[in-house]
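Enquirer: Encoded as structure tokens, here's the structure I'll be asking about.
The values are calculated or read from the model by the stated rules, or taken from the named source; none is laboratory data. Quantities reported herein were computed from a predicted structural model and do not represent experimental measurements. Using ideal geometry, Cβ is built from the backbone for each residue, glycine included, and neighbour counts are taken over all protein chains shown.
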Amino acid sequence: MKRWTGLRGRLLATYLLLLLFGLGVFVFRYGWLSQDSLVEQLEHEQELRAFILSNALEEPLAKYLEGELSLDALSSLADQLAASAEGRLTILDAQGSPLYDTQVATLSAIPNQAGQMEVQSALAGGEQHDIRFDPLVGDELLYVAAPIEHEGQFSGVVQLSAPTDTMWSQIRQAWLSLLVTALAVLAVAVLVSLWLARGILEPVKELQRAAERMAVGDLEQRIVVDRNDELGRLGLAFNLMAARLQRLIERQQDFVANASHELRTPLTTIKLRVEALLGGARRDPAMAERFLSEIDGELNRLTQLIDDLLTLSQVEVGFDTLEMQKVELPFLLGEAISSFWPRAEAIGVTLAMDAPPRLPAVKASPSHVRQVVDNLLDNALKYSSSGGLVTVSCRPADGQIAVAVTDTGQGIPPEDLPHVFERFYRADKSHARTSGSGRAGGLGLSIVHSVVTAHGGQVAIESQVGKGTTVRFTLPIYAD
């Protein structure tokens, strides 16, 4: 039962309903046309016979009416003509009264026929037929009539009738043949529909099986695509989705592992320092102050790491979550440089800004753009030595504003450049930082990339070992 209530059953039911409707219309339409054609054929044949009989009886009836031919002779001729016509022949006078009937001996039993439509039409010089029940013979008959004319005057009417049994038998045979043909077509259509439904649903079932296996953790599932239609494109889309999902989960697993590592390091440091203080180090004021300072620093690292993770989560929810405003970039960049000025002076690095006097505003989230600039300045100062220079510049570029942060620091090795925007990736595994512990764990450039991308901009980085690094990003111009 489940097989027929699923998609396959619904497809087959749809095919069959459409086919039944089409076949039904065809059968009834063609059947009625065939029936009408058979009736018209028989009527035409009878009308032709009636006219032939009227011509054959023209002279004999005229002689009978003039007394030159006896009724017996007329009756004998009528019987011969009726036998060849394979029907009942009635000869009527010009007033519709019967003169002779080949099957009814008592003419008084036959009423006047002038009121019958086929006789009226014949007397008017036209053609007409009628199918009605005749109580004298106890059967349904097809009646036709033709006028008998002699020297331009109506002398009588030939009324020819024949049972309709043969006609209805032929009609029933035609209907039966049509229904048998329709059933044969229906049977073939059912087989073809099953084959078509199977061809359509087999790829869908394969997708279903693959999706179910993916649901239980088998992310290696792929669909073999061997067709170039909608189902083939659906299979390609599924494979692309599966590949992206696999990469996403792998990235998520790496992210969780890296985040756990980054969180574990400061927590371990805090735990060791607390244990030392509880173990007696608190009695030494200098040692206690040092340990408390280190604990405070690690707590700051944890707070910053959590803030960065929340920022990434917020940005990756979507562009609509950002509070977009009209932002004057030179002012925002100036504020960022001012906040880093004391740190730059402390390590002997010069901070500079290069921006034209008039610059179009950008459409952006001020807090997030400020975080981008802060991250870039933070990195630039971390990897710059005393006497270095960090420059922040901005220029219009192709309908956007391009911002660049350039330093003269140690640079990034070429093999590390493709990975610097990855989360928790460090390009300084073998290089010591020049100042401070800074932000935890390689999220700075990842945040830069995510925020700029959410704004519809692009990020690029250039670096040479020993010469410095430039990070550029773009933001859309604010449209009034």
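Enquirer: Considering only segment 47-63, I want to know if a residue exists there that is of a type outside the set (Val, Ile, Thr) and either under 30 Å from Gly199 (Cα atoms) or not in a helix (DSSP H, G or I) (or both). Give the steps one after another, and end with the answer.
Expert: First, the residues of segment 47-63 that are of a type outside the set (Val, Ile, Thr): 47-51, 53-63.
When the remaining residues are screened for being either under 30 Å from Gly199 (Cα atoms) or not in a helix (DSSP H, G or I) (or both), the result is 57.
Yes, that holds for at least one residue.
Enquirer: Now for a different question. Inside segment 208-231, can you point out the residues that are closer than 23 Å to Thr14 by Cα and either out of contact with any Pro (no Cβ under 9 Å at 6 or more places or on another chain) or loosely packed, with under 15 Cβ neighbours inside 10 Å (or both)? Show your work before the answer.
Expert: First pass over segment 208-231, keeping only residues closer than 23 Å to Thr14 by Cα: 208, 229-231.
The answer is Gln208, Asp229, Glu230.
Enquirer: Inside segment 374-405, can you point out the residues that are touching a residue at least 60 places away in the same chain (Cβ under 8 Å), in a strand (DSSP E or B) and of a type in the set (S, T, N, Q)?
Expert: Gln400
Enquirer: Inspect all residues belonging to segment 259-269 and state whether any of them is within 30 Å of Leu23 (Cα to Cα), surrounded by 15 or more Cβ atoms within 10 Å (Cβ to Cβ) and touching a helix residue (DSSP H, G or I) at 6+ places or on another chain (Cβ under 7 Å). Explain how you work it out, then say what you get.
Expert: Looking only at segment 259-269, we keep the residues that are within 30 Å of Leu23 (Cα to Cα), and these are none.
No.
Enquirer: Between a first residue in segment 351-371 that is surrounded by 15 or more Cβ atoms within 10 Å (Cβ to Cβ) and at pLDDT 90 or above and a second residue that is part of a loop (DSSP other than H, G, I, E, B) and among the polar types (S, T, N, Q), which pairs have beta carbons less than 9 Å apart while being 6 or more apart in sequence or on different chains?
Expert: The qualifying pairs do not exist here.
Enquirer: Continuing with this model, one more query. Just one of (1) at pLDDT 85 or above; (2) touching a Gly at 6+ places or on another chain (Cβ under 8 Å); (3) small (Gly, Ala, Ser) trips up Ser437, so point out which.
Expert: All conditions are met except number (1).
Enquirer: Return the total of residues in segment 264-282 being of a type in the set (Lys, Arg) and at pLDDT 85 or above. Please lay out each step first, then the result.
Expert: Residues of segment 264-282 that are of a type in the set (Lys, Arg), as a first pass: 264, 271, 273, 282.
Keeping just the survivors that are at pLDDT 85 or above gives 271, 273.
Within segment 264-282, residues that are of a type in the set (Lys, Arg) and at pLDDT 85 or above number 2.
Enquirer: Cβ contacts < 7 Å: first residue small (Gly, Ala, Ser), restricted to segment 69-86; second residue part of a helix (DSSP H, G or I), any location; separation 6+ or different chain. Result?
Expert: Ala85/Arg49; Ala85/Leu53
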